[in-house]
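The numbers here are math on the coordinates, done by the rules we state, and not lab data. Please read all numbers here as calculations on a predicted model, not as lab measurements. Quick reminder, even Gly has a Cβ in these numbers, built from the backbone with ideal geometry, and neighbours come from all protein chains shown.
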Amino acid sequence: MKKKICIFGTGGFGREVLCCIIDMIEKTNNIIDDIACFMVSDNHYKENTIMGIEVIKQSLFNPLTNTCVIAIGEPLQRKTIVNSLPSNTTYNTIIHPSVIMSKWVKIGEGSIITANTILTCNITIGKHAHLNLNTTIGHDCIIGDYFTTAPASNVSGNVNIGDCVYLGTNSSIKQGIDICNDVTIGMGGVVVKNIIEKGVYVGNPAYKLLRK
């Protein structure tokens, strides 16, 4: 018996991931109810079905009969959830059929690549990454774990990005840039210089948003 995919999270992105899986199996004989369900933490369990798909509590997750993909947008929260699941959990990598990607791209387990994303060549992406709609990543990029893009983010070639980095909608990264761990780039942010300190960066050119 095949393991059933548990989509962790029933928010907007979790439901989009369900639609992505439906698109992936469109030309097969698989039925979505047989291969996927939603999963939430026990304290967030309210409904037993969403969009006609079963919802289970995290405490019922069994890595012997289920696999998992974490559909939570915030990188650190996603990392916390991974750490809360059994060590023998198997994670799915979800790639929408419309994605354009060369064979010279490596993607870590548990990652989700959504519709119309373009990945060119010699790209390495870590575990549990989310690339949202219409993301583009150029050649020779090395990207860490828990990387997240909002729609229409653009990463130029020869960029190095650390762990738990979030790129807001319509953000852009200049070629040859390095970005350290734990950085958020705000909506429309344009990164033209290396970022060596964690924090939130906004604007064009992007600058660090200081706490008051």
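Among the residues of the stretch 1-31, those that are crowded, with 17+ Cβ neighbours inside 10 Å and of a type in the set (A, V, I, L, M, F, W, C) comprise 5, 6, 7, 8, 13, 17, 18, 20, 21. Picking from residues in the stretch 163-181 that are over 24 Å from residue 16 (Cβ atoms) and out of contact with any Ser or Thr (no Cβ under 7 Å at 6 or more places or on another chain), the one that is surrounded by the fewest Cβ atoms within 10 Å (Cβ to Cβ) is 176. Evaluating residue 71 against the criteria (1) small (Gly, Ala, Ser); (2) within 15 Å of residue 12 (Cβ to Cβ); (3) without any contact (Cβ under 8 Å) to a residue 40 or more places away in the chain leaves one unmet condition, (3). Exactly one residue out of 115, 129, 152 is among the small types (Gly, Ala, Ser), in contact (Cβ under 8 Å) with a residue 60 or more places away in the chain and within 19 Å of residue 13 (Cα to Cα): that is 115.
For (1) under 25 Å from residue 110 (Cβ atoms); (2) over 20 Å from the mean Cα position of the chain (by Cα); (3) not basic (Lys, Arg), each residue gets a yes or a no:
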| residue | (1), (2), (3) |
| --- | --- |
| 150 | yes, no, yes |
| 175 | no, yes, yes |
| 182 | yes, no, yes |
| 187 | no, no, yes |
| 194 | no, yes, yes |
| 206 | no, yes, yes |
